[in-house]
Amino acid sequence: MSSVDVHSKLPHIGTNIFTTMSGLAAQYNAVNLAQGFPDFDVPSYLIERVSHHMLTGKNQYAPMAGILSLREKLATKYASVYGIPFDPVEEITITCGATEACFSAITALIKAGDEVIIIEPAFDCYEPAIVLNGGKPVFVKTTYPDFKINWDEVEAAITSRTRLLILNSPHNPTGTLFTKEDVTALRELLQRHDILVLSDEVYEHMVFDGAHHYCLAADPIIREKTLTIGSFGKTYHATGWRLGFCAAPAHLMKEFRKVHQFNTFSAVTPIQHAVSDMLDDSDWHHNLSSFFQSKRNYFLNLIKHSGFKAVATQGTYFQLLSYAAVSDKKETDMAEWMVKEMKLAAIPVSVFYQDKTDQQILRFCFAKKDETLQQAAEILCKI
């Protein structure tokens, strides 16, 4: 055994909840509605295009910022959908998934002693990146059932050391969306304070019931201080391909690329080419909301006679269910009991809070085949 004493940079962080619950789901042969990935196929056209580009020799390093055709088509999409004039050469970088984009952005912006405001509940990749860079996470909590941001509390959390505010809409795990009022409040906040914004918008094309996704960079004042993160893996049902992007003003992108080039340098070349081809089909992302809304509605209809109470998600492919009427177990115990005894895996929302706030709610992923949702619903209706 080595005598070298390793001082952990993340001493309080172990295996994340997604790995844990998916591992338990496999161990107990449970229906897995825990981890956020589809169990249906990637578009056949996309598979064909990856194969085509592999067979035609596009297998070496891509440019550090990503192949230009993909960045150009992404810029065209942002212009047509949101009216945002991103420069594909200077303001868009293709990354190895949205997680790499978040890590590279935080690493580029945060130095020792800087404070970063995180809105809770929060996806688990933000805090470790802040800590690894010597920053201090500062948490502003939202709670069940509406999970609405109190902007007065956000402003009260700002100090002379605050460098960055991390925002996420459509929001994982709650499924909430920013409103026009939220955008106005953020704009006014940024006019009063010299801080930057990391906007995680990986579920941008999954909004329901006629709602609108407010891309924060569509506001010119916000755009000058914002790095926008997106995910092709989420949009094209290909989470395992790990393809994302960051879009930001040139002065911020310059710093982002300094980190990205020494983090991963570039993303998988044939996949970039295939996604570039896929972006020619603008109907895909326009139709994605209706596709997932039908999945949500199907799942909610199947469990309407169960003891679980749903707050219909406004976006993403996650659904929160309250089990307060059927059990007084705390969330982590309930999730463990369900996967072991009932053969159904979900995520306890308390893990998305720094202080493990327990509200007796679980998160379920409905990006699944109908038969998978049927199996899950049958179990929920038995509890």
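The values are calculated or read from the model by the stated rules, or taken from the named source; none is laboratory data. Computed from a predicted model, the values in this text were never measured in an experiment. Glycine also receives a Cβ, built like all others from the backbone with ideal geometry; neighbour counts cover every protein chain displayed.
Scan segment 103-110 and tell me whether some residue there is modelled with pLDDT of 95 or more, in the same structural domain as Gly175 (by TED's automatic domain parsing) and either over 16 Å from Phe256 (Cα atoms) or not in a helix (DSSP H, G or I) (or both).
Yes, segment 103-110 has at least one match.
Here are the criteria: (1) touching an Asp or Glu at 6+ places or on another chain (Cβ under 6 Å); (2) without any contact (Cβ under 8 Å) to a residue 12 or more places away in the chain. Tell me which single one Ala108 does not satisfy.
(2)
Give all pairs with beta carbons closer than 6 Å in which a residue from segment 142-156 that is farther than 18 Å from Val197 by Cβ meets a residue that is polar (S, T, N, Q); count only pairs at least 6 apart in sequence or on separate chains.
What qualifies is Tyr144/Gln359; Phe147/Thr174; Phe147/Thr176.
Select from segment 51-100 the residues that are of a type outside the set (S, T, N, Q), over 23 Å from Ala218 (Cβ atoms) and touching a His at 6+ places or on another chain (Cβ under 8 Å) and list them in ascending order.
His53, Lys58, Met64, Ile67, Glu100
Kindly indicate whether Met253 is in contact (Cβ under 8 Å) with a residue 60 or more places away in the chain and touching a strand residue (DSSP E or B) at 6+ places or on another chain (Cβ under 9 Å).
Against the criterion (in contact (Cβ under 8 Å) with a residue 60 or more places away in the chain and touching a strand residue (DSSP E or B) at 6+ places or on another chain (Cβ under 9 Å)), Met253 qualifies.
State the number of residues belonging to segment 241-269 that are exposed (fewer than 15 other Cβ atoms within 10 Å of the Cβ) and of a type in the set (Val, Ile, Thr).
So the count comes out to 0.
Considering only segment 63-97, state which residues are in a loop (DSSP other than H, G, I, E, B), farther than 13 Å from Ala274 by Cα and either among the small types (Gly, Ala, Ser) or free of Cβ contacts under 8 Å to residues at least 60 places away in the same chain (or both).
Hits for segment 63-97 are Ala65, Gly83, Pro85, Pro88, Val89.
Quick one: count up the residues across segment 211-262 that are under 23 Å from Gly36 (Cβ atoms) and either in contact with a Leu (Cβ under 6 Å, 6 or more places away or on another chain) or not charged (D, E, K, R) (or both).
Within segment 211-262, residues that are under 23 Å from Gly36 (Cβ atoms) and either in contact with a Leu (Cβ under 6 Å, 6 or more places away or on another chain) or not charged (D, E, K, R) (or both) number 25.
Any chance you could count how many residues in segment 290-310 are out of contact with any Asp or Glu (no Cβ under 9 Å at 6 or more places or on another chain), closer than 18 Å to Pro38 by Cβ and of a type in the set (S, T, N, Q)?
3
Condition first: within 30 Å of Ala310 (Cβ to Cβ), of a type outside the set (A, V, I, L, M, F, W, C) and either in the same structural domain as Arg363 (by TED's automatic domain parsing) or assigned to a helix (DSSP H, G or I) (or both). Now tell me which residues in segment 150-205 satisfy that.
Selection gives Asp152, Glu153, Lys180, Glu181, Asp182, Thr184.
When Gly307 is evaluated against the numbered criteria (1) without any contact (Cβ under 8 Å) to a residue 60 or more places away in the chain; (2) in a loop (DSSP other than H, G, I, E, B); (3) out of contact with any strand residue (DSSP E or B) (no Cβ under 9 Å at 6 or more places or on another chain), which criterion, by number, is the only one it fails?
(1)
How many residues does segment 340-383 contain that are within 24 Å of the chain's Cα centre (by Cα) and part of a helix (DSSP H, G or I)?
Counting residues in segment 340-383 that are within 24 Å of the chain's Cα centre (by Cα) and part of a helix (DSSP H, G or I) gives 8.
Anything in segment 342-357 that is over 19 Å from Ile117 (Cα atoms) and of a type outside the set (Gly, Ala, Ser)? List them, or say none.
Once the filter is applied, which keeps residues that are over 19 Å from Ile117 (Cα atoms) and of a type outside the set (Gly, Ala, Ser), segment 342-357 yields Met342, Lys343, Leu344, Ile347, Pro348, Val349.
Which of the residues spanning segment 123-135 are assigned to a loop (DSSP other than H, G, I, E, B) and in contact with a helix residue (DSSP H, G or I) (Cβ under 6 Å, 6 or more places away or on another chain)?
Scanning segment 123-135 gives Cys125, Asn133.
Just to be sure before I move on: is Val138 closer than 20 Å to Val351 by Cβ and not in a loop (DSSP other than H, G, I, E, B) in the structure I sent?
Considered against the rule, which asks whether it is closer than 20 Å to Val351 by Cβ and not in a loop (DSSP other than H, G, I, E, B), Val138 comes out as yes.
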